[in-house]
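Let me begin by presenting the structure, written as structure tokens, before commenting on it.
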Amino acid sequence: MAGGTRPSIPEVTAAALSCTLFLFSLAAISFILHFHLRASRGEGPRPRRRLRDLNSLWAVRILLAVFACLWSMAELLRLRFLLPNWLHLDLCRGHVLASQGFAEPCFFTTLLFLLRTSVQGKICYPNAFAMALVLALLSSLPFLLLHSLFLSLSPWVFSPLGIPPEVFFGQGTTNFSHGGRCSYPLFSTALLAWFGAAYVPWFVSACWRAAEVVINKRLGVRLYALTSTVVLGICVQVVALALSAFWSPGTAVFQGLRLAAFLGVFSSALVGEWVLVLCPIADALDAVGWRAPVATAGPPAATGSHAGGAAGCLEDT
């Protein structure tokens, strides 16, 4: 093993699921590009303009999948058994910056943007990709700056004040590494809690607005699954990371809590990509007649211009 440390079951599970999400996101990107190329060539029985309308948010969907890939790769930085010992301390710090400071805020911001844009229709956002990218980067900027300042200044600021390192860095560690494993700063948990407190009501409001215009039972089920998964995932992550500060990183309790926090974001990313990336393209393939429609018990999905704008995130944008 690269780090010379025997991995625990939660660490192996996190590594396997991170790789799974990475491959799933790459497959989603390939699926998006495949449909986009076919739509650009105007294949199928529908006019090319109709195909472009169905695929108007393809670049934003790719952006969502890219941020999911970045988050899954960032999660591997904290697993010492995959990496050399001499790099582990720096990679623990890098994990905090890359995962919670950049990839996670960018992913959730893009997820919310994609949902709101799909509900309001493409006319509201003619440059959807550029706006999504700018908003994602702006949302991550405060977290990157605050994390960077904390990581660089905390040893010189807290020590002269007589504040124990455990208050900010977690139980049993002063350098983000204890017993061969990364811990998690309480300061970062506080930032994450602040992000969740602002994000969850906004996301629930957007989902509620989308539910008001969804006229298909299948689309409603997707929307409620997305809402419950994201809200529960963020709450579980914040609570688990906060509780993990009271245990040493080498204990089984800490490892279990860290896995629970990981699963909260992992499930949000997986369901988010499934509902807002893969399902809309699959429904669009049905709409243009490129594959046989799947029979459902509910009423047929609307394909008119209003439904394409209102429920497009879940069906046929």
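The values are calculated or read from the model by the stated rules, or taken from the named source; none is laboratory data. Predicted model, so just to flag it, every value in this text is computed and none were measured. No Cβ is skipped: glycine too gets one built from the backbone with ideal geometry, and neighbour counts run over all protein chains shown.
Counting just the residues of the stretch 239-256 that are outside any helix (DSSP H, G or I) and within 26 Å of the chain's Cα centre (by Cα), which one comes out surrounded by the fewest Cβ atoms within 10 Å (Cβ to Cβ)?
Of everything passing the filter in the stretch 239-256, Ala245 is surrounded by the fewest Cβ atoms within 10 Å (Cβ to Cβ).
For the stretch 209-237, name all the residues that are at pLDDT below 95, among the β-branched types (Val, Ile, Thr) and surrounded by fewer than 22 Cβ atoms within 10 Å (Cβ to Cβ).
Listed by number, the residues that qualify are Val213, Ile215, Val221.
Anything in the stretch 184-228 that is in contact (Cβ under 8 Å) with a residue 24 or more places away in the chain and of a type in the set (Gly, Ala, Ser)? List them, or say none.
Ser188, Ala193, Gly196, Ala206, Ala210, Ala225
Can you say whether Ala269 is modelled with pLDDT of 70 or more and either touching a strand residue (DSSP E or B) at 6+ places or on another chain (Cβ under 8 Å) or crowded, with 21+ Cβ neighbours inside 10 Å (or both), as far as the supplied structure shows?
yes
Go over the candidates Ala2, Ala68, Ala103, Ala27 one by one and state the one that is modelled with pLDDT of 95 or more and surrounded by fewer than 17 Cβ atoms within 10 Å (Cβ to Cβ).
The match here is Ala27.
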